[in-house]
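The values are calculated or read from the model by the stated rules, or taken from the named source; none is laboratory data. The structure displayed is predicted, hence computed values, not measured ones. Remember, those area values only see protein heavy atoms, side chains included, never the ligands or the DNA or RNA. Shrake-Rupley method; radii C 1.70, N 1.55, O 1.52, S 1.80 Å.
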Amino acid sequence: MAGERAVGLPDRLSRADLILACMPLLFAAGYILGAAAFDAWPAATAIAAIAGCLPMIDGLFRNPP
């Protein structure tokens, strides 16, 4: 019975899937760049938060569902 309920991968990723995948990746990249540039965790966290918000803003306001 478990074999009958197998879930396959979608043929194509939707825009929402890409946005959700990009948010943590941009956050991590922003934190790494901020930590390297400023050597302080508050600045690195602020840069990471701004970088992570960009896809969210795009998904909510520029191209809403």
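May I ask for the percentage of alpha-carbon pairs in segment 7-63 that lie more than 13 Å from each other?
Roughly 61 percent, once rounded to a whole number.
Per residue, how much accessible surface does the chain expose to a 1.4 Å probe? Answer in Å², no decimals.
83
Which percent of the accessible heavy-atom area of the chain goes to carbon and sulfur, probe 1.4 angstrom?
So the carbon and sulfur contribution to the accessible surface is 71 percent.
For n ≥ 4 DSSP H runs only, could you compute -39500 (n - 2.57) per run for the chain, divide by its residues and tell me the 222 nm figure to the nearest 500?
Calculated at 222 nm, the ellipticity per residue is -22000 deg cm²/dmol.
For the Cα atoms of the chain, what angle does the longest principal axis make with the long axis of helix 41-57, in degrees from 0 to 90, nearest 10?
For helix 41-57, the angle is close to 40 degrees.
Note the angle between two axes, namely the Cα long axis of helix 15-38 and the longest principal axis of the Cα atoms of the chain, as a number of degrees from 0 to 90, rounded to the nearest 10.
Tilt relative to the chain: about 20 degrees.
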